[in-house]
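Asks: So that we are looking at the same thing, I have put the structure below in structure tokens.
Since every read-out is calculated from the coordinates, none of them should be taken as a lab result. Because the structure is a prediction, the values reported are computed rather than measured. Cβ coordinates were reconstructed from backbone atoms using ideal geometry, including for glycine residues, and neighbour counts include every protein chain displayed.
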Amino acid sequence: MSVLINLSAVLDDARCFELVRRMRWPQSVRCPKCSGEHVVRNGHDETQPHRQRYLCNGCQLRFDDLSDTALAGHHQPLRVWILCLYFMGLNLSNRQIAQELSLNENDVQEMTKQLREGLAAKTPPVVLSGEVEIDEVYVVAGHKGNPAAVEKKAAKVDATD
Ligand SMILES: [Zn+2]
């Protein structure tokens, strides 16, 4: 399907991790344990070169982009999760998403359930409502978009980049 081909072409690992970071930490990286802001970069994952590692200077916790999120510890590559999120934004059913991604419908059901509950367990689900730009591709997360909030968020990102 052409849509999927186009999306795969623009969704490289670097962009997928960048997207996760922007959704998870719109301002600055926060420690998932103590919520501290004194976090330093600490190299990259050995098998996933774009997966940033961090060290919290507050509580010494070592974590990375996916720590404590639904995206960690699963068999699906990050881009599959991102595409799943994209299709959810298009209001595709679990069955349709399963077909597009060549996945088992039960697996997709579990993925969409976790994505609706929020990207990170300790982060309010609001992080998933909004629109995130990946070049010309827009990922609309959640089913109740809030255009005004999205515009503000986009302006904020531009200002801090
Ligand atoms: Zn900490």
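Asks: Please find, among Ala72, Ala98, the residue that is touching an Asp or Glu at 6+ places or on another chain (Cβ under 7 Å) and among the small types (Gly, Ala, Ser). Even if it seems obvious, please write down each step before you answer.
Replies: Details: Ala72 fails: touching an Asp or Glu at 6+ places or on another chain (Cβ under 7 Å).
Result of the check over Ala72, Ala98: Ala98.
Asks: Inspect segment 89-105 for any residue being without any contact (Cβ under 8 Å) to a residue 24 or more places away in the chain, part of a helix (DSSP H, G or I) and charged (D, E, K, R) and give the result as yes or no.
Replies: yes
Asks: Still on this structure, I have one more. Would it be correct to say that Leu66 is in contact (Cβ under 8 Å) with a residue 24 or more places away in the chain, in contact with a helix residue (DSSP H, G or I) (Cβ under 8 Å, 6 or more places away or on another chain) and assigned to a loop (DSSP other than H, G, I, E, B)? Can you show your working first?
Replies: Values: in contact (Cβ under 8 Å) with a residue 24 or more places away in the chain: yes; in contact with a helix residue (DSSP H, G or I) (Cβ under 8 Å, 6 or more places away or on another chain): yes; assigned to a loop (DSSP other than H, G, I, E, B): yes.
When the stated conditions are applied, Leu66 passes them.
Asks: Any idea which of (1) surrounded by fewer than 20 Cβ atoms within 10 Å (Cβ to Cβ); (2) away from the ligand (no atom under 11 Å from the Cβ); (3) under 16 Å from the mean Cα position of the chain (by Cα) is the one Val29 doesn't satisfy?
Replies: Exception for Val29: condition (2).
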